[in-house]
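Note sheet for the following structure.
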Amino acid sequence: MEIKFLNNKIENIQADLEIVLLKKHKLLKANDRFIQKNKLYVKIADFKHYTITETLSNTIKYIHKTNKYKSIKLSLYGISDKKIQALIDGLILGGYDFTKYQSKTKKLKLKDIFIAKENFINSDNFIDYEEIKLLINKCIIVNNNINITRDMINSVAEDTTPIKLSKWIEKELEDSNIKCIVKDEDYIQKELPAFYDISKGSVNNPRLVHLKYNENKGYKKVVLIGKGVTFDTGGMSLKPSNYMYDMRLDKAGAVTIFGIIKTINDLKLPIEVHSILGLSENMISNNAYKPGDVIKTRKGKTIEIMNTDAEGRILLADLFEYSQDKIKKIDYIFDYATLTGSVVGAIGQYSAGLIGHNNKLKIKMIKISKKTDEEYVDLPFNRYFFENSYQSAIADFSNIPTSSIGGGTIMGGVFIDNFLEKKYKNKWLHIDIAGVSFIKSSWKYHQYGATGFGVKSSMYMIKKLISNSSV
Ligand code: BES
Ligand code: ZN
Ligand code: ZN
């Protein structure tokens, strides 16, 4: 399916079907539709951002379902050029279907979606074709990358073992300007020993993937760190079956930062980005790490394992120490992780938990994300959370809070904070996507499964940080 933007009048474009959005139609309810000759009329309630996205998402789903048309054109007179993103989001994200594991899939007929310049008006009633084309192409790039991200997260654990996922990522980046460095289990055992310990229960060896874009070119430097647990059984502190079932989602953090760096590369943004992905399974076996073990991070900090299911924070601890060692003078550090189930209880499944010391940076993220239809909720630290909350009788830290003070998602952030150098405390955001990265029933333009949350808002956030460094 390809979206083509033409400098043409709608009536001069040849297509099998014309989609006509009707705002003023008394008899129709929102999303009602009917076909007359070769026109599909769809009622749209208003031209708000999310209404456009959802209406187009429903429409494209309908077109795919009928599977009758090879080409369609859109008649959306009256839509503003500011709503381009809403339009393209609806078409590409709404048109996504994860059919990889279905034996009988119909081949989709739809090849071309034509959008005409005539579709857009702006306040001056004058718009430049090339400018809109550029905007449309940017939105297409972002959304196609979100769909790759969704594909990776949706794919089952056997197809996305650390080795297979690292190869898939390398392949996706083959033609990019991103340098891919993949480190194996021997390197991880030596250099990131805590990461190694959480992985050793699995026959599928871990991988560390370091993606570099624009290294040493003098740009601002953003480091993205991602939890990539390709399957989380909980380990010896085994999860109950119904909690374990969809734990292929536990690699979402790592996959998201692959999606972000790829998008930044595709848009050629002038910034240095590093994505550090820790890929590991958390399995149960005679070789798995155990409750009561004391493990050591790269820098020699010791952690007593009180629950092998709190594996993500251990992985992140080593990835943090590795990143700060390897990359000098970092401007921003953002980590993405499906870290705590409790984030859903705290804020629901429609947004990510946003944690960090720098309020201005958090506010900026929240503001930007609203424009991209991805929501973050501020989960504030307070100093009491830091008081002896991870005390162990025998090691520097325990890996779960040792007194029940609640706030599990914030406490995840409190743990990782211990592995961040002082100079970076104010440059860091921790993003818990355990709820929003994977949904069980369709929502907005998302189907069951991976949402691809984070790629779009983070790309815009990073873009903003290039031009404004006051936070
Ligand atoms: N991967 C899970 C978190 C998770 C739960 C993600 C549900 C998505 C949906 C994580 O490794 C985990 O198990 N965390 C524990 C932490 C606890 C033991 C401190 C949790 O959330 O229960
Ligand atoms: Zn876990
Ligand atoms: Zn996990």
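The values are calculated or read from the model by the stated rules, or taken from the named source; none is laboratory data. Owing to the predicted nature of the structure, the values given are computational and were not obtained by experimental measurement. When we count neighbours, we look across all protein chains shown, and the Cβ atoms used for this are built from the backbone with ideal geometry, even at glycine. Each accessible area value is taken on the protein alone, full model and side chains, heavy atoms only, with ligands, DNA and RNA left out. Shrake-Rupley method; radii C 1.70, N 1.55, O 1.52, S 1.80 Å.
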Original post:
Identify, please: which residue in the stretch 419-448 is open to solvent by less than 50 Å² (accessible area, probe 1.4 Å) and assigned to a loop (DSSP other than H, G, I, E, B) and is, among those, modelled with the lowest pLDDT?
Top reply: Tyr445
Original post:
Do you know which residues across the stretch 83-107 are in contact with a Phe, Trp or Tyr (Cβ under 9 Å, 6 or more places away or on another chain), over 30 Å from Asp159 (Cβ atoms) and open to solvent by 10 Å² or more (accessible area, probe 1.4 Å)?
Top reply: Lys83
Original post:
In the stretch 22-53, how many residues are in a strand (DSSP E or B), modelled with pLDDT under 90 and touching a helix residue (DSSP H, G or I) at 6+ places or on another chain (Cβ under 7 Å)?
Top reply: 0
Original post:
Is there any pair with a first residue in the stretch 450-471 that is assigned to a helix (DSSP H, G or I) and a second that is of a type in the set (Ser, Thr, Tyr) and modelled with pLDDT under 95 whose Cβ atoms are under 6 Å apart and which are 6 or more apart or on different chains, and what are they?
Top reply: Lys456/Thr372; Ser457/Ser369; Ser457/Thr372; Tyr460/Thr372
Original post:
Before we move on, is Met461 of a type outside the set (Ser, Thr, Tyr), open to solvent by less than 50 Å² (accessible area, probe 1.4 Å) and within 14 Å of Tyr376 (Cβ to Cβ)?
Top reply: yes
Subject >> Residue check for Ile410: of a type in the set (A, V, I, L, M, F, W, C) and more than 23 Å from the chain's Cα centre (by Cα) >> reply: no
Original post:
open to solvent by 10 Å² or more (accessible area, probe 1.4 Å), more than 16 Å from ligand 3 (Cβ to nearest atom) and either closer than 29 Å to Lys456 by Cβ or aliphatic (A, V, I, L, M) (or both) - does that describe any residue in the stretch 380-389?
Top reply: yes
**OP:** Among residues belonging to the stretch 292-344 that are surrounded by fewer than 17 Cβ atoms within 10 Å (Cβ to Cβ) and closer than 23 Å to Ser457 by Cβ, point out the one that is nearest to ligand 2 (Cβ to nearest atom).
**Re:** Gly341
Original post:
Are there any pairs with C-beta distances below 8 angstrom linking a residue in the stretch 243-267 that is more than 14 Å from Val229 (Cβ to Cβ) and of a type in the set (Lys, Arg) to a residue that is part of a helix (DSSP H, G or I) and at pLDDT 95 or above, with the two at least 6 apart or on different chains, and if so which?
Top reply: Lys262/Asn145; Lys262/Ile148; Lys262/Glu172
Original post:
Counting only residues that are in contact with a strand residue (DSSP E or B) (Cβ under 9 Å, 6 or more places away or on another chain), among the small types (Gly, Ala, Ser) and away from ligand 3 (no atom under 16 Å from the Cβ), which one in the stretch 402-454 is nearest to Gly90 (Cα to Cα)?
Top reply: Gly452
Original post:
Among the candidates Asn38, Asn7, Asn12, Asn31, which residue alone is on the phi > 0 side of the Ramachandran plot and open to solvent by 30 Å² or more (accessible area, probe 1.4 Å)?
Top reply: Asn31
Original post:
Considering only the stretch 330-375, how many residues are of a type outside the set (Phe, Trp, Tyr) and closer than 24 Å to Ile400 by Cβ?
Top reply: 21
**OP:** Tally the residues that are in a helix (DSSP H, G or I) and either touching a Gly at 6+ places or on another chain (Cβ under 8 Å) or assigned by TED's automatic domain parsing to the domain that holds Gln447 (or both), restricting the search to the stretch 64-101.
**Re:** 2
